[in-house]
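Quick notes on the structure that follows.
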Amino acid sequence: FLIEGTFTRVNAEGRHGEWCVAKPATKKEKLQQIIDFARSKVNCADISNGGACYSPEDLLLHASVAMNNYYQAEGRHFWNCNFEGSGIIAITDPSTGNCKYQLKK
């Protein structure tokens with residue numbers, strides 16, 4: 001594995017890629033700030049009413065999708081997943097059901 005800043009990258013089998021997701025312990029107020037920031041920078045239609053990842057009670061999911069949309073759009077640099085310590089890079093696809101996380105090659 002390779003340590004980059006405060007992130008540890010581990011190689012694993014399966015679908016290869018990197019996704020940015022919110023740390024589960026992130027406070028709701030911070031999650032909402034992240035969602036608002038990401039929406040001001042990138043398209044977050046997937047977490048809007050009617051979107052594939054829309055789940056009004058799941059702020060963690062919405063923040064994770066928004067963070068990943070921003071991370072992918074900015075070129076997948078580890079610093080674009082920091083969000084003041086609230087983000088973590090996942091190497092396993094976090095997509096579930098119809099909610100597919102972006103992955104730009």
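All of the numbers you see were taken from the coordinates with simple rules; none came from a lab. Please read these numbers as outputs of a predicted model, since none were measured by experiment. Every residue, glycine as well, gets a Cβ built from its backbone with ideal geometry; the counts of neighbours run over all protein chains shown.
Shown in residue order for the range 41-55 are the 3J(HN,Hα) couplings computed by the Karplus curve 6.51 cos²θ - 1.76 cosθ + 1.60 at θ = phi - 60°: 10, 9, 6, 10, 4, 5, 10, 8, 3, x, x, 4, 10, 6, 8 Hz (x for Gly and Pro). The simple spin-label model puts a point 7 Å past each Cα toward its Cβ; for Asp36 and Asn98 those points are separated by 2.9 nm.
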